[in-house]
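Have a look at the structure below before the remarks.
The values are calculated or read from the model by the stated rules, or taken from the named source; none is laboratory data. Everything quoted here is computed from the prediction, not taken from an experiment. Quick reminder, even Gly has a Cβ in these numbers, built from the backbone with ideal geometry, and neighbours come from all protein chains shown.
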Amino acid sequence: MSPDSNLLSEDSISQAVEKALAEIKQAKNLEDLKNARLNHAGEKSPVALANREIGSLDGAAKAEAGKRIGEARNIIKNALEIRTTELQSERQDSILVSERVDVTQVLANGSTSSLLIGSRHPLTTIAEQISDVFIAMGYEVAEGPEAEAEWFNFDSLNISEDHPSRSSSDTFYVESLDSGVVLRTQTSPVQMRTMLERKPPIYVIAPGKVFRTDELDATHTPVFHQVEGLAVDKNLTMANLKGTLDHLARTMFGEDIETRFRPSYFPFTEPSAELDLKCFVCKGESKKIKNCKTCRGEGWIEWGGCGMVNPNVLETAGIDSKKYSGFAFGMGLERTLMFKYGVTDMHDLVEADLRFTKQFGLGI
Ligand code: DAH
């Protein structure tokens with residue numbers, strides 16, 4: 001018997017199968033198994049080499065050897081398949097363990113998430129704080145559109161057609177000057193909308209965005225926020241207005257804040273006043289602290305406008321001005337925030353820089 005035909009012997013085939021099964025069984029991972037497959041089922045494996053010898057046999061010997069090798073190859077193939085499935089599922093299990101994410105784990109920053117946590121914009125917070133002060137006094141929150149009819153923004157509020165604030169150098173007109181639609185320059189149009197929708201007694205507070213054609217600088221921004229207040233009832237007087245605004249000032253700036261009314265003019269209120277706050281920085285002692293930058297030596301800073309609703313405005317809304325009186329006020333939220341927190345640059349309020357807004361946290 002030639003050494004090659006020896007490859008086909010029962011012994012050498014069963015030895016080759018045994019060796020193959022042992023190596024397959026010992027394979028610890030898919031890489032090992034790949035080697036076992038090459039060694040025992042590859043082109044140069046003993047069974048493949050033996051297979052090549054079959055051609056040199058004849059007759060019954062050929063058939064017998066063919067059967068033996070076929071069986072051997074099947075055994076090896078099945079063993080490889082079974083081990084592959086086992087190792088694949090082992091690998092899957094270990095991936096599940098090694099890549100497990102503990103979603104409840106608390107990170108070094110004290111949070112359970114590695115995502116950046118944002119914060120509310122302080123203007124949103126302050127608008128809600130002011131609204132809450134009024135809701136507690138029985139007011140309702142009212143809203144109006146930002147693209148507003150010129151009539152609501154100006155005419156209905158007794159603002160004459162030739163009033164300088166109506167010019168396109170102060171007001172954004174939507175599409176064209178004669179479109180009749182402006183980006184509201186104040187929240188005061190919400191007064192008229194409310195009076196047309198509701199019957200007195202009316203107590204509303206209306207925070208919102210307003211627009212004027214100002215360039216962005218340290219103290220101006222073309223888009224800013226105001227809060228408007230309106231009360232219409234029987235027997236309302238300037239004293240009610242002053243008491244209400246003093247209450248707001250104390251909640252916003254502390255119990256010892258001082259306020260004053262300074263005579264002023266607004267077409268929609270008569271009489272009208274500016275509401276001033278005693279300067280926080282020099283405490284009104286500007287003569288002692290020369291050149292106080294905050295109040296420019298005035299001792300007082302202007303917070304907002306107010307007054308008794310002009311009877312013309314009440315009548316435009318169909319409210320009997322002999323039976324009812326009203327007071328109204330409006331102040332800038334950016335200004336309020338700047339006073340409250342000593343913010344000195346408007347850019348900080350419009351740039352949405354998280355380093356700025358995060359200082360105010362998630363306050364509500
Ligand atoms: N709308 C005024 C402004 O933008 C502020 C204002 C003044 C509102 C007097 C009022 C008011 O309701 O009565 O300057």
* State all residues of the range 59-77 that are surrounded by 12 or more Cβ atoms within 10 Å (Cβ to Cβ), of a type outside the set (A, V, I, L, M, F, W, C) and under 14 Å from Arg37 (Cα atoms); if no residue qualifies, say none. => Arg73, Lys77
* Asked: Within the range 174-211, which residues are in a helix (DSSP H, G or I) and either of a type in the set (Asp, Glu) or in contact with a helix residue (DSSP H, G or I) (Cβ under 6 Å, 6 or more places away or on another chain) (or both)?
  -> Pro189, Met192, Glu197
* State which residue pairs qualify: first residue in the same structural domain as Gly144 (by TED's automatic domain parsing) and at pLDDT 95 or above and inside the range 177-191, second residue within 10 Å of the ligand (Cβ to nearest atom) and among the acidic types (Asp, Glu) in any location, beta carbons under 9 Å apart, and separation of 6 or more residues or different chains. => Gln186/Glu228; Thr187/Glu228; Ser188/Glu228; Pro189/Glu228; Val190/Glu228; Gln191/Glu228
* Structure fact -> Counting only residues in the range 215-235 that are at pLDDT 95 or above and over 23 Å from the mean Cα position of the chain (by Cα), the one nearest to Leu349 (Cα to Cα) is identified as Glu228
* Name the residues in the range 211-259 that are without any contact (Cβ under 8 Å) to a residue 60 or more places away in the chain and not acidic (Asp, Glu), would you? -> Arg212, Thr213, Pro222, Ala239, Lys242, Gly243, Ala249, Arg250, Gly254, Ile257, Thr259
* Asked: In the range 331-354, which residues are charged (D, E, K, R), touching a residue at least 60 places away in the same chain (Cβ under 8 Å) and within 16 Å of the ligand (Cβ to nearest atom)?
  -> Glu334
* To do: Can you tell me which residue within the range 186-215, out of those that are farther than 21 Å from Asn312 by Cβ and out of contact with any Gly (no Cβ under 9 Å at 6 or more places or on another chain), is nearest to the ligand (Cβ to nearest atom)?
  => Arg212
* **Set Arg120, Arg91: member being touching a helix residue (DSSP H, G or I) at 6+ places or on another chain (Cβ under 8 Å), of a type in the set (Lys, Arg) and not in a loop (DSSP other than H, G, I, E, B)** => Arg91
* Asked: Failed condition for Trp303, given (1) away from the ligand (no atom under 11 Å from the Cβ); (2) within 33 Å of the chain's Cα centre (by Cα); (3) surrounded by 20 or more Cβ atoms within 10 Å (Cβ to Cβ), with all others met?
  -> (1)
* Asked: Residues Phe266, Phe261, Phe253: which one is within 23 Å of Thr194 (Cβ to Cβ), in the same structural domain as Leu333 (by TED's automatic domain parsing) and aromatic (Phe, Trp, Tyr)?
  -> Phe266
* Asked: So which of Gln129, Gln105 ends up being in a loop (DSSP other than H, G, I, E, B) and either crowded, with 19+ Cβ neighbours inside 10 Å or polar (S, T, N, Q) (or both)?
  -> Gln105
